[in-house]
Amino acid sequence: MITDDRIRAMHAEMTEWRRDLHAHPELGFEEHRTSDFVARKLEEFGLEVHRGLAGTGVVGVLQAGRGGNQAIGLRADMDALPIEEANQVAYRSTVPGKMHACGHDGHTTMLLGAAKYLAETRNFSGTAYFIFQPAEETKGGGREMVRDGLFERFPMSAVYGMHNWPGVPVGTVAVHDGPVMASMDTFEIQVRGLGSHAAMPHMGRDPIVAAANLVSTIQTVASRLVPATDAVVVSITQFHAGDAWNVIPETALIRGTVRTLSAAIRDQVEPALRRMCEGLATAYGIAMDFSYHPGYPVTVNTAEETAFAREVAATVVGRENVRGDLAPSMGAEDFAFMLQERPGCYIWLGNGPADGGRVLHSPNYDFNDEILPIGVAYWAALVERALPAG
Ligand code: NI
């Protein structure tokens, strides 16, 4: 499918890089080896290299043609997950309890491949920034790079991202108009009652009954508060209380997460949860201490850049293999912070079958090395078309 001989010729070398990174996974903000690997390769390819953004982040700068005025950014994430790898491949994780279970080893490799290709061919005019960010998984490395002055130090008119997608065939790209990934927030509710003998509940204030009622009431956020046509997920993921058969405890602890596909809906959920806590606290005569922690915003693709990304993808995989009919994911992505600052588009690159547990964040997942050249061809075409040589 990839007709460019130079990209095809890089396939074996890129597979080696990817498997080396896979064997040496590092968690968010600890990507020291990975960051060194990336920086050294970029220097080898002849790019100007900036290290230390958000700690372990790296930006490579490549200018070609008439130089600097026009610029775009391409972004990859580098971190792994705290999962024990189940795969028995030769290049399996050498670090107990850590693995590249989301394919960021592949993302890093594809962006390195694109840097190498574009540094050799230089068939564009302007500046391409290669952004390697730390800590995509929950710690917001993308947000930290923005705070560290990513877009001031490296002025660019648009920024692009991609993620491999299990269950989407190899050679297929999915492009979403507007929201592509959900917002992700977390909350915690400390229910404080009054402990008592289990046989004499009237002597105390039972936090378990109140907390159980709260869990039920929270289900009405999705079913009664938000229009049925808008997406929202509120999941209670932890409920801790008590440790005896015959004691009503003093406290119960509830934790959960909120996902939405629009900022307007996201803004409604926190006050609704707070109202429910206050109301039930009054009703049961106990305290409910509510705290809400904003995580990642909704990842929203902008119209012009999305149309452009779709055209570019069509040149790489063929128009019939560019899908626009997939629903957004309720998972989250910290590329959202970059898209809040600059227009751009985040695409899904088909990783092949998802059977046998080969899904993101699974101990059985593995990035599919077959798609490395496709990702490189997309990145290269994006730069060559966004910054056409005169
Ligand atoms: Ni990921």
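Nothing in this text is a laboratory measurement; each read-out follows from the coordinates by a stated rule. A quick note: this is a predicted structure, and the numbers were derived from the prediction, not measured. Glycine also receives a Cβ, built like all others from the backbone with ideal geometry; neighbour counts cover every protein chain displayed.
Observations
- Positive-end residue, segment 201-287 charge dipole about Cα centroid, Cβ charges, pick of T257, N213, V269: V269
- Annotation: amide H-H contacts under 5 Å for G171 (H modelled 1.01 Å from N, sequence separation of 5 or more, or interchain): G350.
- About the Cα centre, charge dipole magnitude for segment 232-339 (Lys/Arg +1, Asp/Glu -1 at Cβ), debye: 180 debye
- Check: segment 184-296 dipole with +1 on Lys, Arg Cβ and -1 on Asp, Glu Cβ, in debye: 160 debye
- Cα-centre dipole for the chain with unit charges at Cβ (Lys and Arg positive, Asp and Glu negative), debye to 20: 420 debye
- Among beta bridges identified by DSSP and lying wholly in the chain, the antiparallel ones come to about 70 percent.
- Computed 3J(HN,Hα) for segment 140-149, one whole-Hz value per residue from the Karplus formula 6.51 cos²θ - 1.76 cosθ + 1.60 where θ = phi - 60°, is x, x, x, 4, 5, 5, 4, 4, 7, x, glycine and proline marked x.
- For K139, a cut-off of 24 angstrom between C-alpha atoms picks up these lysines, skipping any fewer than 8 places away in its own chain: K98.
- For the chain, hydrophobic long helices are taken as DSSP H runs at least 27 Å long by C-alpha position along their axis with mean Kyte-Doolittle hydropathy of -1.0 or more; these are 263-284.
- Placed amide H near A354: partners under 5 Å, 5+ positions off or other chain: G167
- Dipole of segment 260-390, positive direction: furthest Cα of H361, G375, G331, with charges on the beta-carbon: G331
- Among Y284, V146, V191 the positive-end extreme of the charge dipole of the chain (Cβ point charges): Y284
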